[in-house]
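What follows is a short report on a single structure.
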Protein chains: 2
Amino acid sequence: MIPPDHPRYRSLMTRERLAICAKKGIVSWEGLTAHGRGEAFDYLIGERTTPGAMLAERTAAALLLTARHPVISINGNTAALAAREIAGLQEACRATVEVNLFHRTEERIRMIEDLLRHAGADVFSGEAERLLPLSHDRAWCRRDGIFSADVVLVPLEDGDRCGALVALGKTVIAVDLNPLSRTARTASLTIVDEVTRALPQITSACKELSGTECETLVASVDNDYLLSEAIREMTTRLLHALD
Amino acid sequence: MIPPDHPRYRSLMTRERLAICAKKGIVSWEGLTAHGRGEAFDYLIGERTTPGAMLAERTAAALLLTARHPVISINGNTAALAAREIAGLQEACRATVEVNLFHRTEERIRMIEDLLRHAGADVFSGEAERLLPLSHDRAWCRRDGIFSADVVLVPLEDGDRCGALVALGKTVIAVDLNPLSRTARTASLTIVDEVTRALPQITSACKELSGTECETLVASVDNDYLLSEAIREMTTRLLHALD
């Protein structure tokens with residue numbers, strides 16, 4: 001239906017893929033809007049992995065590799081966009097993969113777990129309990145999963161859940177295209193990059209980094225610097241449009 | 001389901017309203033993502049009508065009031081978010097209101113026309129023909145509606161349709177939160193504001209402006225200046241986050 005000569009063909013096709021996942025119930029309808037927000041910020045960083053994002057991705061790899069119990073928390077949008085990339089990263093860093101939803105139903109969780117398993121991920125699906133101090137469905141997680149993790153990668157997370165995980169003493173790695181969001185500012189490390197670009201970069205770094213490089217990266221995490229770099233990329237692109 | 005203590009309660013509730021309209025078929029699923037893009041840019045202008053947007057809205061009122069045959073072109077998102085505001089503007093400037101969809105089905109058109117009529121709009125729904133030089137469904141419009149208009153207000157338009165209307169010699173007024181978009185750069189006048197804030201401002205200006213004020217505003221349309229002002233608002237807000 002979307003003509004290939006449309007200038008935003010690729011972006012419209014991705015939206016259509018998400019819409020198909022929304023019809024199946026994998027992506028929540030509100031998740032489609034959240035994706036659009038990300039698209040806008042991605043546009044402002046030039047729809048590419050910036051040098052700052054690359055540093056954040058290598059640092060994320062170092063944190064995952066040196067963790068005692070790393071967990072990757074997956075929501076509907078992440079599964080719809082990047083199930084295969086999640087499986088690849090899990091293989092590279094041996095993290096637990098756990099599904100956690102804002103708009104939570106048992107049926108959605110089962111469908112998303114099936115999608116991830118179909119893509120090759122080993123999904124942890126023990127019994128969920130209301131363990132986080134939050135008023136909505138994201139309070140739910142699993143005692144032997146996220147609740148006992150030391151490092152949690154949360155692509156496309158919402159802000160107060162990110163804050164709750166940090167308050168529990170966890171190192172939280174967020175993937176968030178909005179450098180001004182509460183998630184971005186609250187996380188221990190924020191990757192300002194599109195999720196299907198970010199995850200393969202983390203996976204590559206997991207395969208390349210030496211122990212010494214990991215130590216150096218972990219010792220020098222500076223999220224304020226990374227967010228500043230992302231903001232500078234965006235303002236540069238905006239100001240360039242004035243020329 | 002969304003707890004009122006969630007910091008983005010209002011934004012999430014609007015998304016939910018759009019999701020309900022998507023379930024009914026009024027909003028296309030891709031339209032939910034497009035809304036998200038707008039949300040991100042709205043965030044960057046501080047979710048308020050900027051002075052530049054106010055000038056654009058007064059100029060839009062002047063263009064509509066002095067038009068020979070003004071038409072307001074409505075899509076699913078505009079109808080879902082602002083049916084009542086459309087009816088109010090139509091009353092103030094006596095424009096034709098016509099539904100035109102990117103994802104076009106007869107059933108969607110009928111539902112959107114019903115929604116607008118229910119909100120008090122007088123909807124023009126003559127027979128549509130493929131009159132615009134475009135490869136997709138937005139080529140369709142009505143000979144006595146948009147096709148013969150001299151001034152067309154297109155809230156939330158897609159870029160190449162905007163270009164086709166300008167190429168036909170029409171004065172096109174766009175409402176678009178992204179000042180870098182093709183729509184924003186192609187339109188004769190771009191209002192960088194959220195549609196439910198923009199339309200009532202145009203309506204108020206229609207009621208206030210004198211004939212002389214209209215002439216002055218129409219004679220001094222400078223879309224490059226208006227877009228520059230919007231970009232400056234966004235960079236200022238981004239750079240403020242670095243402090």
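Every read-out reported here was derived from the displayed coordinates using simple, explicitly stated rules and does not represent laboratory data. The structure displayed is predicted, hence computed values, not measured ones. Ideal geometry is used to build each Cβ from the backbone, glycine not excepted, and the neighbour counts take in all protein chains shown.
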Residue-averaged [θ]222 nm for chain B, counting only DSSP H segments that reach four residues, each worth -39500 (n - 2.57): -17500 deg cm²/dmol
Size of electric dipole in segment A:7-69: Cβ of Lys, Arg +1 and of Asp, Glu -1, about Cα centre, debye, nearest 20: 180
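To check you understand DSSP bridge types, tell me what percent of the beta bridges within the protein assembly as shown (both residues inside) are antiparallel, rounded to 5.
Around 15 percent antiparallel, to the nearest 5.
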What length, rounded to one decimal in nm, is gained on full extension from A:ARG130 through to A:TYR9, with 0.36 nm per residue of separation minus their alpha-carbon distance? 39.4 nm
Please sort by residue number the GluC sites (Glu not before Pro) in segment A:1-76 whose DSSP state is loop and whose Cβ has at most 13 other Cβ atoms within 10 Å. A:GLU47
For A:22-35, what's the mean count of beta carbons from other chains sitting within 10 Å of each residue's beta carbon? 6
Would you kindly calculate the translational diffusion coefficient of segment B:1-56, applying Stokes-Einstein with the Kirkwood radius from alpha carbon pairs, for 37 °C and a viscosity of 0.692 mPa s, and quote it in µm² s⁻¹ without decimals? 257
Take every Cα-Cα distance within chain A, group them into 10 Å bins from 0 onward, and report for each bin the whole-number percent of pairs it holds. 8, 33, 38, 18, 4, 0
Compute, for the protein assembly as shown, the length of the dipole vector about the Cα centre, with Cβ point charges of +1 (Lys, Arg) and -1 (Asp, Glu) only. Units Debye, rounded to 20. 700
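Just check the protein assembly as shown against the gyration tensor rule for me: Cα atoms, a ≥ b ≥ c as the square roots of the eigenvalues, rounded for a/c under 1.5, and otherwise prolate or oblate depending on whether a/b exceeds b/c.
prolate
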Subtracting the Cα-Cα distance from 0.36 nm times the residue separation, let me have the gained length for B:THR212 to B:ASP150 in nm, one decimal. 20.3 nm
What lysines could a cross-link reach from A:LYS23, if we take a straight Cα to Cα line under 20 Å and drop same-chain neighbours fewer than 8 places away? B:LYS23, B:LYS24
About the Cα centre of segment A:51-238, what is the dipole size in debye to 20, counting +1 per Lys and Arg Cβ and -1 per Asp and Glu Cβ, all else neutral? 160
For chain A, averaging the sequence separation of alpha carbon pairs under 8 Å that lie six or more residues apart and dividing by its residue count, the contact order in percent is 24
How many Cβ atoms of partner chains, on average, are near each residue of A:37-45 if near means within 10 Å of its Cβ? 6
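Could you give the Stokes-Einstein D for segment A:187-236 in µm² per second, using the C-alpha Kirkwood radius, 25 °C, 0.890 mPa s?
Stokes-Einstein gives a translational diffusion coefficient of 199 µm²/s.
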Given charges at Cβ of Lys, Arg, Asp, Glu: the protein assembly as shown dipole, positive-most of A:VAL172, B:THR49, A:TRP140: A:TRP140
For B:177-183, mean number of other protein chain Cβ atoms within 10 Å: 3
Mind checking which chain B residue has its Cβ closest to the axis relating B to A, and how many whole Å off it is? B:GLY36, 1
If you take every DSSP beta bridge whose two residues both sit in chain A, what share of them, in percent to the nearest 5, is antiparallel? 15
What do you get for trypsin sites (Lys or Arg not before Pro) in segment B:93-129 restricted to DSSP loop and a cutoff of at most 13 other Cβ within 10 Å of the site's Cβ? B:ARG94
With the dipole of segment A:1-153 defined by +1 on each Lys or Arg Cβ and -1 on each Asp or Glu Cβ, the option from A:ALA128, A:GLN90, A:SER28 whose Cα lies farthest towards the positive pole is A:SER28
Zone reached by a paramagnetic label modelled 7 Å from A:ASP122 Cα along Cα→Cβ, restricted to segment A:54-97 with backbone N below 15 Å, covers A:69-72, A:87-97
